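Here the structure comes first, spelled out in structure tokens, and everything after it is commentary.
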Amino acid sequence: MAIDRHGDNGRVIGRPYEPDRDREAVIRQWREAGWIDYSDAHATALADVFAVGDAVVAEARVTDGSAGTATGSAECALHRSSGSLRYGVGDRATDLPLSLITAVTTSHVARRQGLAASLIASALGDAAAHGAAVATLGIFDQGYYERFGFGTGADEHVVSFDPATLDVPVPDRAPVRIGAGNHREVYDLLLRRLRGHGSVVLDLPELIAADLALLDRPVGLGFRAEDGRLTHCLIGTAEAHHGPLNVEWLIHEEPHQLEELLGLLKSLGDQYRSVTIAHEPPGVQLQALLAEPLRQLSLANLGAAARPLHTSWSKVQWRILDLAACIEACTMPGVDLTFGLRLHDPLADRSSAPWTGLGGDYTVHLGERSGVDAGPPSGSTPVLEASVGAFTRLWLGVRPATGLTITDALAGPPELIAGLDAAFGLPPPLPDWPF
């Protein structure tokens, strides 16, 4: 097969997704990517997601060499959702407009043709034009999305253990079952959940409906208040009769409710030998609630059936879209720091990109009221040089400036780096919303 990219000078043209025209093509892309199976239920769940939010496709003319015919079809698709990002903690927290690139897929016959890159660059420009301050996405690996200014987020801790060893009380009341039919309740609980720095909210309940519909061997349990409101729940999948039980969601409104959910997991310890928490709750160290965790680890190393494990990776990346809005969100009592910022944005190197990003010189002030002005600073004001991805990581608190000078494109005078270390003393930014 041969691919002919439409458009003048070889540029890919993206167009809005049309359900009647593109549904089967997008389902085919997702199946080729291995993201859904061949069941009608998975196809329906995907179609429901693409029916909402912002979806675009890139067409390619696919030529079948044996038949000698060429047909145009959607061979790449991008879906985008709006929402908000919580920045800061306590009474200094603010919610910033967020754009989530929910998914990008390219068919097997159209890889490495620049289709996905064109749609991503266009999506970022569109998000910025419509007021999003920050963009985020889940990554298949590092190295690709950095070309669009993204920087890697904070580590997510994945913890596995024998649930019978949890040092928490077992609840004295029975839970209720939670399934795909409760998707609106789960979404509403996510909106009410206890949130911290870096947590996100997405505007599309349909995403949760699809997530629940796509679970194989689902396990969902929770608790209700006296008025019937769902107050806290856990949702995951069981791989076999004895597990492992993989918990994707631990959602709660109050801190003590998390203890009850963990107690619920303990009550399941007579069946499941191993539980994996895919996202350790923000601010909580689960190891502190395990009996003899190091002994469990030693047994695992000897090949025991239950395999306690702690891994730490980030599969999420972020980038700033509106520098002024992001700096103004920094409320830093006791800080008085002014510096020049020379920002490098790789979107400026993409000649066909509709939006060239944030590259340029700025003067930034951090303090009780923070702000940014266009243009270089005057006099002897220290200057920070950074890629937009590195500066996004600094601003979010993913890593301190000192560490970023080692791993990222970020450099400045030692006294400025030390001042930035002190200013951005934030908790790890955790989305607390699987995507």
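The values are calculated or read from the model by the stated rules, or taken from the named source; none is laboratory data. All values reported here derive from a predicted model rather than from experimental measurement. Cβ placement follows ideal geometry from the backbone for every residue including glycine, while neighbour counts extend to all protein chains displayed. Please note that ligands, DNA and RNA were not included when accessible areas were found on the heavy atoms of the full protein model with its side chains. Shrake-Rupley method; radii C 1.70, N 1.55, O 1.52, S 1.80 Å.
Kindly state which strands (runs of 3 or more DSSP E) lie completely within region 228-278 and contain at least 3 residues that are in contact with a Leu (Cβ under 9 Å, 6 or more places away or on another chain), at positive phi and among the hydrophobic types (A, V, I, L, M, F, W, C).
The strands (runs of 3 or more DSSP E) meeting that bar number zero.
In region 376-404, what residues are more than 19 Å from residue 346 (Cβ to Cβ) and among the polar types (S, T, N, Q)?
378, 380, 381, 402
Considering only region 73-91, I want to know if a residue exists there that is modelled with pLDDT under 90 and part of a strand (DSSP E or B).
Within region 73-91 (the criterion being modelled with pLDDT under 90 and part of a strand (DSSP E or B)), the answer is yes, since at least one residue qualifies.
For region 341-368, enumerate the residues that are without any contact (Cβ under 8 Å) to a residue 40 or more places away in the chain, open to solvent by 50 Å² or more (accessible area, probe 1.4 Å) and either closer than 19 Å to residue 416 by Cα or touching a Pro at 6+ places or on another chain (Cβ under 9 Å) (or both).
Matches in region 341-368: 361, 365, 368.
For region 360-378, which positions are closer than 23 Å to residue 149 by Cα and among the acidic types (Asp, Glu)?
Hits for region 360-378 are 361, 373.
Restricting to region 241-257, what's the tally of residues that are free of Cβ contacts under 8 Å to residues at least 60 places away in the same chain and open to solvent by less than 40 Å² (accessible area, probe 1.4 Å)?
Residues flagged as free of Cβ contacts under 8 Å to residues at least 60 places away in the same chain and open to solvent by less than 40 Å² (accessible area, probe 1.4 Å) within region 241-257 amount to 6.
Against the conditions (1) in contact with a Cys (Cβ under 9 Å, 6 or more places away or on another chain); (2) in a loop (DSSP other than H, G, I, E, B), where does residue 220 fall short? Just the number, please.
Among (1) in contact with a Cys (Cβ under 9 Å, 6 or more places away or on another chain); (2) in a loop (DSSP other than H, G, I, E, B), the lone unmet condition for residue 220 is (2).
Taking region 121-138 only, how many residues are assigned to a strand (DSSP E or B) and open to solvent by 10 Å² or more (accessible area, probe 1.4 Å)?
1
Within region 113-120, does at least one residue satisfy the condition of being under 24 Å from residue 246 (Cβ atoms) and either surrounded by 23 or more Cβ atoms within 10 Å (Cβ to Cβ) or not aliphatic (A, V, I, L, M) (or both)?
Within region 113-120, none of the residues are under 24 Å from residue 246 (Cβ atoms) and either surrounded by 23 or more Cβ atoms within 10 Å (Cβ to Cβ) or not aliphatic (A, V, I, L, M) (or both).
Sort out which residues of region 170-223 are hydroxyl-bearing (Ser, Thr, Tyr) and in contact (Cβ under 8 Å) with a residue 60 or more places away in the chain, and write them in order of number.
Listed by number, the list holds a single entry, 199.
Does region 396-409 include one or more residues that are open to solvent by less than 50 Å² (accessible area, probe 1.4 Å) and over 25 Å from the mean Cα position of the chain (by Cα)?
For region 396-409, residues open to solvent by less than 50 Å² (accessible area, probe 1.4 Å) and over 25 Å from the mean Cα position of the chain (by Cα): absent.
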